[in-house]
Each structure stands twice: as C-alpha cells, then as structure tokens.
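What follows is calculated from the coordinates using simple rules that are stated; it is not laboratory data. Keep in mind that what you see is a predicted model, and the values were worked out from it rather than measured. Positions of Cβ are backbone-derived with ideal geometry, glycine not excepted, and every protein chain shown enters the neighbour counts.
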Amino acid sequence: MTLAESLNILSRYDLDHAGEAQRMHWVAEALRRGYQDRARYLGDPDFVSIPMQRLLSRAYADQRAASIQRDNATPSDALGDPIEVRQGDNTTHFSIVDREGNRVAATLSINTLFGACFVAGKTGVLLNNEMDDFAVSTTAVNSYGLIGSQANLIGPGKRPLSSMSPTFVEDKRGVLVLGTPGGSRIISMVLLAILGYASHPVVDLDHLLMAPRYHHQYLPDRIEVEPGGFTSDVLDDLQLRGHIVQFAQRKWGNMQMVWVDKSTGEVTAASDPRGQGSGMAWY
Ligand code: DON
C-alpha cells in the first residue's frame, strides 16, 4: 500500500529530468506522506478496515501531493493529521461508457444514513427508507426540506418522487454521461452542469465539476450557495433583487462524469473533487 501510494504521488513529477537533489526531495516528500498514511491507516485487515481503494486512488494522491512544495521540505509535524478519508455516507452515482459506446448513468440510494437501519435476514442488504421521498402530509417536509402535495402522498402501490437524475447529454460535440448524489440538490447540480456544458465550446470536465454550486428548491425560499464560491458583488446583487442568500455549511455533491468526444472517439472521465471517487478511461 505504502509503496503504491508513494509511487502514485510521484507520478506527478518529472523525475527523469530533475537534478539529483530535486529528485530526492520529491521522493522524500512522497514517502513522508505514504508512511504517514501507513502509520495512520494500516494494520491487520482482519481487525481494521483499510480504505484501500481510496488510498490508492489518483484523486487521493492528488490531495496528498497538493501540499508538496517544489523547493521546501514539509516538516512532518506540519502535515498534521492525514487528510480525512471519507468513507461516504451518501447515495452513489456511476457514469460508465464501454468500448462499444454503451452508456450507463446510475444513481443508487437507500436515502439517508443506514436507510431503514434494518438488514434483510442474513443477506447483509440494508433496507432503504425511501418512504421519506413521499410527502407524509401536505404540510410536512422530508429529510431534504422538500414539501409535497396530494400528488406525492403515500398510497397503496404508489412510488415516491425521486430527485435522482442520471443524465445523458448529447450534442454535435459528443456525449456526456453524468449524475450525482445529494438529495434534493441533485436536480440543481445536474442542471448547473448541463448549463456549464452548453455554454463552453471546449469541454473541460474538471472545470464543470469544480464550478461553484447554488441551489433553490421553492421552499425554503432562499438561494443556498457553496461557501467560498461567489464574489460578494454577485451575492449583493442577488440580495438587491430580493433573494435571500444563505451560505451552506459545506460544499455538496459527488458528481461523476464521462465524456465521449464524437470527433476523436476519445473518452475522458472525471470525479467531483468534493467527494469520493475517481474517473478513469481504459482502452
Ligand atoms: O431519490 C431521492 O431523491 C433521494 N432518495 C436521494 C437521496 C440522496 O441523494 C442522498 N444522498 N446524498
């Protein structure tokens, strides 16, 4: 694990063309971080749960490499606790394209943390609490603050509403497969991604994913904005127009995208920097 993680971090640097001290510096900084994670996470897997996939992902190596300075050593003390590896407590989204061009956008949910908190027999399958996606009355809100009407009241044989929005966007340039968890904010996130895709002639998945998010869901009557995403000029302007602007506690979403460029046939994949996951293309 430590070897692979250190190599992953080092894959960002041009070691072949670096001077000896520069090369040693990068190697030492990668090892410093790899060994820190060894101390923090590794042990007998019969006793501890090791977030293996996450630790070996490119996204995690990017996070770890972000604190490496070109010329200065990072004192080990200054690294602090290793970056928290989030196990994820969300709905999950996969975006997939195979070599024949078949596509899947799949969002899967048990709704809230631990779903119904009930496992079906010995199957290990945790049952969902998607009943929360119904309106229990015309005045109550669900876990995501959504209200509903008669149309979404619980009834025999009825399926609840869902905000899950697995999406294909297709135009002359190519095909974008996308989706995200996020409860009621899924719809606005996917909408913003589609608008971003449509308004940039050059498709840049990282740019689409990194764009700051905002959300309005009728009630509560306010625009929720991601912290740090917008200038005070823009927020003041919205307030002058009569919007109530509220900063969210933290950023939201975990969008996964695959893009097939129709002109070159090239496939690229990317994962939301806010969440867990990674985007990869194999040919
Ligand atoms: O279908 C829905 O709208 C909800 N059950 C989705 C829940 C969800 O995305 C939770 N994850 N963050």
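Computed quantities for the displayed model
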{"read-out": "Percent of C-alpha pairs per 10 Å bin, region 120-279, short to long", "value": "9, 30, 31, 23, 7, 1"}
{"read-out": "Taking only Cα atoms of region 111-213, radius of gyration then Dmax in Å", "value": "17.5, 52"}
{"read-out": "Top positive-direction residue, dipole computed over the chain with Cβ charges, set ILE223, GLY121, MET52", "value": "GLY121"}
{"read-out": "Contact order normalised by residue count of the chain, Cα under 8 Å, 6+ apart, percent", "value": "14 percent"}
{"read-out": "FRET efficiency, 1/(1 + (r/R0)^6) with R0 35 Å, evaluated for LEU7 and LEU126 via beta carbons", "value": "0.45"}
{"read-out": "Lys, Arg +1 and Asp, Glu -1 on Cβ, resulting dipole of region 1-119 about Cα centre, debye, nearest 20", "value": "180 debye"}
{"read-out": "Loop chymotrypsin sites (Phe, Trp or Tyr not before Pro), region 140-239, which have at most 12 other Cβ atoms in a 10 Å radius of their Cβ (DSSP)", "value": "TYR218"}
{"read-out": "Highest-fluctuation residue, GLN246, GLN22, GLN63 considered, GNM on the chain with Cα pairs under 10 Å", "value": "GLN22"}
{"read-out": "Computed P(r) (all Cα pairs; region 194-279; 10 Å bins; percent)", "value": "15, 38, 30, 14, 3"}
{"read-out": "Ranked by how many other beta carbons lie within 10 Å on average, peptides 271-282, 121-132 from highest", "value": "271-282, 121-132"}
{"read-out": "nm² value of the averaged projected area, convex hull over the Cα atoms of region 1-146", "value": "14.9 nm²"}
{"read-out": "Charge dipole (debye, nearest 20) of the chain; +1 at Cβ of Lys and Arg, -1 at Cβ of Asp and Glu", "value": "480 debye"}
{"read-out": "Sequence ranges 12-21, 257-266, ranked by mean other-Cβ count within 10 angstrom, highest first", "value": "257-266, 12-21"}
{"read-out": "Helix-derived mean residue ellipticity, 222 nm - over the chain, DSSP H n ≥ 4, -39500 (n - 2.57), to 500", "value": "-8000 deg cm²/dmol"}
{"read-out": "Solvent-free Debye scattering, log10 I(q)/I(0), computed from the Cα coordinates of the chain at q = 0.15 Å⁻¹", "value": "-1.31"}
{"read-out": "Centroid-to-centroid separation of region 239-275 and region 18-85 [C-alpha atoms, Å]", "value": "27 Å"}
